[in-house]
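Take a look at the structure below.
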Amino acid sequence: MDQSTLLSYCMTKPGAVQSVHQEWQANQVKVGEVMFAMTHTVDGRPAISLKSSAEMAGVLRSAFNAVIPGERLNKAHWSTLFLDGDIPDSQLYQLVDASWQWAVAGLSEATRQTLNI
């Protein structure tokens, strides 16, 4: 999986908006004002950081060598997934979906309505 393919998938999510975080050289993807994905490079490796419950983050880190606590983000709820690691592509897509859903759940009802979610 490459970053551009995964970033393109993130942008198919309803309400997704992309911005560049210059300092981190990262592409952030938000729904409303809540970030749900960030593509970036960590130690020279392509990666995506995704949000989840603390419990799911622990499960992912135990299940895959390619998952570490969120780089530059809250380590309890963010995990950084290396795209050149042991995570199947289908799992990456599911994790993006779950991160988007987690972010949407945190939006106010009014915001969800303006985004038609």
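The values are calculated or read from the model by the stated rules, or taken from the named source; none is laboratory data. Owing to the predicted nature of the structure, the values given are computational and were not obtained by experimental measurement. Backbone-built Cβ (ideal geometry, glycine too); neighbour counts: all protein chains shown. Each accessible area value is taken on the protein alone, full model and side chains, heavy atoms only, with ligands, DNA and RNA left out. Shrake-Rupley method; radii C 1.70, N 1.55, O 1.52, S 1.80 Å.
For the reader, a short list of remarks on this structure follows.
- The condition (being surrounded by fewer than 19 Cβ atoms within 10 Å (Cβ to Cβ) and closer than 26 Å to Gln113 by Cα) is satisfied by just one residue among Pro14, Pro46: Pro14.
- Sole residue being touching a residue at least 24 places away in the same chain (Cβ under 8 Å), out of contact with any His (no Cβ under 7 Å at 6 or more places or on another chain) and β-branched (Val, Ile, Thr), chosen from Val17, Val34, Val29, Val59: Val34
- Given (1) in contact with a Gly (Cβ under 7 Å, 6 or more places away or on another chain); (2) open to solvent by less than 20 Å² (accessible area, probe 1.4 Å), number of the condition Thr111 does not satisfy: (2)
Yes/no per residue for (1) open to solvent by 60 Å² or more (accessible area, probe 1.4 Å); (2) without any contact (Cβ under 8 Å) to a residue 60 or more places away in the chain; (3) under 20 Å from Thr5 (Cβ atoms); (4) hydroxyl-bearing (Ser, Thr, Tyr):
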{"site": "Glu55", "(1), (2), (3), (4)": "yes, yes, no, no"}
{"site": "Lys75", "(1), (2), (3), (4)": "yes, yes, no, no"}
{"site": "Ser90", "(1), (2), (3), (4)": "yes, yes, yes, yes"}
{"site": "Gln94", "(1), (2), (3), (4)": "yes, yes, yes, no"}
{"site": "Leu115", "(1), (2), (3), (4)": "no, no, no, no"}
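- Ser19 passes every criterion in (1) under 29 Å from Thr114 (Cβ atoms); (2) open to solvent by 50 Å² or more (accessible area, probe 1.4 Å) apart from (2).
- The residue that is surrounded by the most Cβ atoms within 10 Å (Cβ to Cβ), among those in the range 98-108 that are touching a residue at least 12 places away in the same chain (Cβ under 8 Å) and part of a helix (DSSP H, G or I), is Ser99.
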